[in-house]
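The values are calculated or read from the model by the stated rules, or taken from the named source; none is laboratory data. Since this is a predicted model, take the numbers as computed values, not measurements. Here the Cβ positions follow ideal geometry from the backbone for every residue, glycine too, while neighbour counts run over all protein chains shown.
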Amino acid sequence: MADLRARIPDFNLPIFNPQTGMMNPVWFQFFLKLFDRTGGSSGEPPDLDVIISTQSLLNSAVQIQADAAGFQDIVAQLQSVPLLPRMAQFYLGDVAAHGVQVDELLHALVTTTAHGFMSAADKVKLNGITGGAAVASVSGTAPIASSGGTTPVISISAATTSAAGSMSAADKTKLDSITGGAAVASVSGTAPIVSSGGTTPAISINPATISGAGSLSASDKIKLDSLINGLSASLTASVTTTNTTADTSILSLVVPAATFVVGSVLEARLMADISGAAAGGNLSIWIKVGATKLHTLTVSLPAGATSGIGLRLNMLMTQRSGTTMQLSGELVTAQNTLLPVEVITTVLNGFDASISNTVILGWNWSAANAANIAIAHTALMKQEK
């Protein structure tokens, strides 16, 4: 025989679930017991087979955990029983909301604003987070710097001309003072500077002429340097030659290429003393260009010994063409002791003005004798024109 005892639920248990609006299962069982004991709506005694069938279906609904299709089938059967269509809905609705279910369609998922069941995706995400996960250390890449650790101090270094960084207030002020989009619109030139104009101009300078300023050509620079430097050379100490027949250089002057032009003049001067043994031979005084002697003057010693005879040489060499020079001058000894005044007028070949030349003034004895002594006290070579 069916158990028709009806126990009153706890006083603090609500009849309806405030979250779902469905009847609490305990109260549903209480009311069902009362209904079973008092009979149906017609006052007739309850049909025990219907009560037993209904109770069996309810118990099955509570036990169902995985078979959603079976659950729906039980709902359909309960709703077909005339005595309990609404009560079955209340009871099974509450089971759907709070029972152990696996069908996601029977659950309300949690959201960021309402409680609910966790989705599979959220569970995967939660499992991917290491337990107790936290920042272990913070580092920085220049210009960002970090003191490290779990409580780092983060900073940024100031920008320099070679490294990125934070902008200083002074640099910001300077930047703000520059008009936005500022750029060179066009570049012009004032003679002798020439510009093609526009934002990518070609800048050039005209060569200087005798009537207009401009750039200095390489050849003009050589000529100018020769004038500034005086293209001159002079003795800073006396040169003595004795007891040797070897060539002795008294003074030399380097004449750069293209320095001499037609009409250019080179002056050479020599002041010396000569002493010699009796019949001691000759003293040759010469002009060389490189290793080539262009002209030689000879002083012959007398039969008797001589001592400290003064000698003076003055020469002018004028460029006549690209490779020839006119030599003019005189060689004089004191009181014409060794020779009469010798006047020199000759054309020198082999001076190529298009290349650099070294002009050398020197001498040599024809015989080696300890008494043969030539001392150059003063010598000078310079470009006059």
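In the set (1) farther than 30 Å from Lys288 by Cβ; (2) surrounded by 12 or more Cβ atoms within 10 Å (Cβ to Cβ); (3) in contact with a Gly (Cβ under 8 Å, 6 or more places away or on another chain); (4) not aliphatic (A, V, I, L, M), the condition left unmet by Ser186 is number (2). The C-beta contact set for the stretch 1-16 (first residue more than 13 Å from Phe30 (Cβ to Cβ) and modelled with pLDDT under 75, second residue surrounded by 10 or more Cβ atoms within 10 Å (Cβ to Cβ) and among the aliphatic types (A, V, I, L, M), distance under 6 angstrom, 6+ apart or interchain) comprises Ala2/Ile51. Comparison of Ser157, Ser162 shows that the only residue that is surrounded by 10 or more Cβ atoms within 10 Å (Cβ to Cβ) and of a type in the set (Gly, Ala, Ser) is Ser157.
Taking the stretch 252-279 as the range and being crowded, with 16+ Cβ neighbours inside 10 Å, touching a strand residue (DSSP E or B) at 6+ places or on another chain (Cβ under 9 Å) and part of a loop (DSSP other than H, G, I, E, B) as the test, the residues that pass are Pro256, Thr259, Phe260, Ser264, Ala277.
Among the residues of the stretch 165-181, those identified as surrounded by 10 or more Cβ atoms within 10 Å (Cβ to Cβ) and in a loop (DSSP other than H, G, I, E, B) are Gly165, Met167, Ser168.
Residue under question is Ala278, and the condition is that it be at pLDDT below 90 and closer than 22 Å to Asn372 by Cβ; does it hold? Considered against the rule, which asks whether it is at pLDDT below 90 and closer than 22 Å to Asn372 by Cβ, Ala278 comes out as yes.
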